[in-house]
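A short worksheet on the structure shown next.
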Amino acid sequence: KKSIAIVGSGAVGCYYGARLWECKDYDVHFFMRGEHYDTCKTDGLEVKSVYGDIIIPPEQLNIHSSTEEMGQVDWVILALKSTALDAAPSLLLPLLKPSTRIIAIMNGLFEDELVKMLDLEYQKISGSSTTSNHDDGGGDDDGTTLTCCSAIYGGM
């Protein structure tokens, strides 16, 4: 099974994560904090939708209070609120391997900005930069490539 990390387990992240869990084809892990984490650890996750409700029992719910616990994954769904974007690089880097793909589902952040944020954080940690389709060719390159795409909400 492909592994998927949900970073930003609010309404949007939990909805998409629960839908992916529901099809049973993916190993879905949710990053949660605080009261939300405690409640889901005890009661599981319930998503109500006009397209059908989803209940993930606590014994089947993969929740983590840090992204380091999750390990590297195949896909990341980034669904943070815009007020939490400064935390994105430190939350995402523990999840990434060379083949990891990132899907950003949020208002006000485009893939160029996300790649730049991750690259700056990666440089602080490793002393070298990543490559991406946004790379200007300057600086050291250790061969790590960031790939992401974005989903832009256009209204209902």
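The values are calculated or read from the model by the stated rules, or taken from the named source; none is laboratory data. In this text, all values refer to a predicted model and were calculated from it rather than measured experimentally. Virtual Cβ from ideal backbone geometry, glycine too; neighbours counted across all protein chains shown. SASA here: full protein model, heavy atoms, side chains in, ligands and nucleic acids out. Shrake-Rupley method; radii C 1.70, N 1.55, O 1.52, S 1.80 Å.
Numerical summary
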| quantity | calculated |
| --- | --- |
| Amide hydrogen neighbours beyond the local backbone of Asp27, cut-off 5 Å, H modeled | Lys2, Ser3, Ile4 |
| Cβ crowding within 10 Å averaged over residues, with 38-44, 95-101 ranked highest first | 95-101, 38-44 |
| Average accessible surface area per residue within region 28-70, 1.4 Å rolling probe, Å² | 61 Å² |
| Over 22 Å (Cα to Cα) - which of Lys48/Lys81; Lys1/Lys97; Lys2/Lys97; Lys24/Lys81; Lys1/Lys48 fall in this group | Lys24/Lys81; Lys1/Lys48 |
| Global form of region 1-83, assessed from the alpha-carbon gyration tensor, a/c cut-off 1.5 | rounded |
| Ordering of 75-83, 45-53 by packing [mean C-beta count within 10 Å, highest first] | 75-83, 45-53 |
| Long-range HN-HN contacts of Val76 with modeled amide H, under 5 Å | Ala5, Arg101, Ile102, Ile103 |
| Carbon plus sulfur fraction of accessible area for region 1-71, probe 1.4 Å, in percent | 50 percent |
